[in-house]
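The values are calculated or read from the model by the stated rules, or taken from the named source; none is laboratory data. Please read these numbers as outputs of a predicted model, since none were measured by experiment. No Cβ is skipped: glycine too gets one built from the backbone with ideal geometry, and neighbour counts run over all protein chains shown. These area figures cover heavy atoms from the full protein model, side chains too; ligands, DNA and RNA do not enter into them. Shrake-Rupley method; radii C 1.70, N 1.55, O 1.52, S 1.80 Å.
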Amino acid sequence: MDFQFNDEQRMAIDAARRFAAEKLAPAAAEHDEKAEVNLKALKELGELGYLGMTVPEEYGGSDMGAVAYAGAMVEFSKADAGVAVGVSVQNSLVNDAILHFGTEKQKKEYLPKLASGEWIGCFSLTEAGAGSDPASMKTTALRDGDGFVLNGTKNFTTNGGIADVIIVFTRYAEKGNSAFLLKKDASGFSVGKHENKMGIRSSSTTEMVFTGCRLPSDAVLGEEGKGLKVALATLDGGRIGIAGQAVGIAEAALDESLRYSKERVQFGKPISEFEVLQFMLADMATDVELAKTMLFKVAWMKDSGQKRFTKESAMLKLFASEMAHRVCHKAVQIHGGYGFMKDYKVERLYRDQRITEIYEGTSEIQRFVIARSILGA
Ligand code: CAA
């Protein structure tokens with residue numbers, strides 16, 4: 001076993017750390033406060049190759065791989081978890097879905113522009129009445145001549161308001177689901193409500209509205225009638241990105257807590273000298289380390305071409321997100337009253353962490369996926 005990054009992975013992660021410190025961290029609190037998307041940073045990340053990390057060079061990607069991607073997600077999330085989720089959606093949910101399920105024509109048309117950041121993509125699966133159970137979706141695709149007409153409303157779509165490209169999941173009138181790939185100027189498509197969120201406020205989350213939206217037959221992504229499979233297989237990779245986000249948020253909360261506990265003096269000495277604090281910090285550091293090890297293991301499984309890592313990515317996302325919950329909770333506690341104030345970064349980290357236990361499958365869904373796998377059900 002080799003626990004070292006190779007030179008390319010190390011360079012990609014180090015450069016991500018520098019970018020996060022120089023370009024994301026200084027603006028993060030303001031973007032959070034104003035609920036503004038840092039589109040400029042996302043575009044720059046595209047130019048640097050971070051929006052096409054698993055896309056082969058022949059389709060315009062930087063092909064840095066899943067391990068480098070996971071490490072970059074940690075670094076971006078330490079500075080601005082809202083920008084980081086935009087990176088995750090583009091790499092894991094949009095590019096990977098097109099790469100694995102797209103036709104050659106779709107790959108050539110979409111991947112170069114997505115990998116360079118010229119286009120931003122989104123993955124529109126959830127609906128008001130279909131969250132954990134996407135199979136119950138109501139958005140329909142009806143055959144119309146040699147194409148399709150889509151009707152329905154998706155919600156909670158990350159990157160929705162900034163997306164140039166949309167992957168949308170629909171049901172057929174009869175049965176089965178299909179994924180479709182479309183551009184934002186498709187007739188009958190519009191962006192609906194922009195959500196006002198608790199955390200990751202520098203990301204865009206919107207409704208996506210399809211009203212008689214006409215698409216040609218070659219807009220189908222993957223096998224017709226097998227859209228759910230496209231969604232669920234793609235989410236296996238997506239959960240690596242969200243776990244990276246959780247690890248980054250937790251690591252930032254740990255860093256803030258280490259610094260603050262050495263500076264804050266109570267009862268005549270820095271609070272880091274109290275055993276009760278030391279035990280909290282030790283538990284936080286151990287939690288982060290364990291999740292990070294698991295993160296790179298599952299990313300390595302993806303890089304090494306393993307066909308299914310459904311159980312492992314569910315375990316990873318479950319552990320990393322709940323770990324980040326524990327760590328952020330302790331970080332606010334260590335900061336005391338200051339941790340409750342917006343002047344301190346842990347307040348934002350605490351809010352940003354919460355969604356990692358919910359999107360790309362709640363913790364309850366991850367437990368269901370794991371149980372189904374280990375029971376052979
Ligand atoms: N890889 C490949 N294929 C898979 C798969 C996987 N991981 N999981 C399921 N499939 C296949 C199945 O074999 C099946 O194929 P066939 O039709 O050929 O038999 C098909 O996909 C349907 O699978 P299931 O019958 O298992 O589907 P289900 O309805 O029982 O799934 C579930 C249950 C696992 C709970 C699933 O619904 C699930 O994961 N729910 C959570 C949804 C979710 O994560 N939503 C996130 C929204 S996107 C998001 O959050 C993005 C964002 O904002 C950042």
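Restricted to helices (runs of 4 or more DSSP H) entirely inside segment 77-141, those with at least 2 residues that are open to solvent by 50 Å² or more (accessible area, probe 1.4 Å) and out of contact with any Cys (no Cβ under 7 Å at 6 or more places or on another chain) are 96-101, 104-115.
Pairing residues of segment 270-289 that are small (Gly, Ala, Ser) with residues that are buried (at least 17 other Cβ atoms within 10 Å of the Cβ) and assigned to a helix (DSSP H, G or I), at Cβ distances under 7 Å and at least 6 apart in sequence or on separate chains, gives Ser272/Ser261; Ala285/Leu254.
In segment 142-160, the qualifying residues are those that are outside any strand (DSSP E or B) and on the phi < 0 side of the Ramachandran plot, and the one that is farthest from the chain's Cα centre (by Cα) is Asp146. I'd like to know if segment 318-339 contains one or more residues that are near the ligand (Cβ under 10 Å from one of its atoms) and closer than 29 Å to Val230 by Cα. No, segment 318-339 contains no residue that is near the ligand (Cβ under 10 Å from one of its atoms) and closer than 29 Å to Val230 by Cα. When Lys154 is tested against (1) free of Cβ contacts under 8 Å to residues at least 60 places away in the same chain; (2) surrounded by fewer than 24 Cβ atoms within 10 Å (Cβ to Cβ); (3) within 21 Å of Gly212 (Cβ to Cβ), just one condition goes unmet, and that condition is (2).
Summed over segment 310-333, the residues that are open to solvent by 10 Å² or more (accessible area, probe 1.4 Å) and of a type outside the set (Asp, Glu) give a count of 11. Kindly provide the set of residues from segment 166-202 that are open to solvent by less than 30 Å² (accessible area, probe 1.4 Å), closer than 26 Å to Ala135 by Cβ and of a type in the set (S, T, N, Q), ordered by number. The answer is Thr170, Asn177, Ser178. Counting the residues of segment 213-264 that are under 24 Å from Asp96 (Cβ atoms), among the small types (Gly, Ala, Ser), away from the ligand (no atom under 14 Å from the Cβ) and surrounded by 24 or more Cβ atoms within 10 Å (Cβ to Cβ) gives 1. Looking at Phe296, is it of a type outside the set (D, E, K, R), more than 19 Å from Phe76 (Cα to Cα), crowded, with 17+ Cβ neighbours inside 10 Å and away from the ligand (no atom under 12 Å from the Cβ)? Taking the combined requirement at face value, the residue does not satisfy it.
Sub-6 Å Cβ pairs linking a first residue in segment 341-359 that is under 15 Å from Ser202 (Cα atoms) to a second residue that is open to solvent by 80 Å² or more (accessible area, probe 1.4 Å) and not in a helix (DSSP H, G or I), at least 6 apart or interchain, are Arg351/Met198, ordered by first then second residue. For segment 172-188, a residue qualifies if it is part of a strand (DSSP E or B) and either within 12 Å of Phe210 (Cβ to Cβ) or among the β-branched types (Val, Ile, Thr) (or both), and the qualifying residues are Phe180, Leu182.
Take the conditions (1) within 16 Å of the ligand (Cβ to nearest atom); (2) in contact with a Pro (Cβ under 6 Å, 6 or more places away or on another chain); Gly147 misses just one of them, which is (1).
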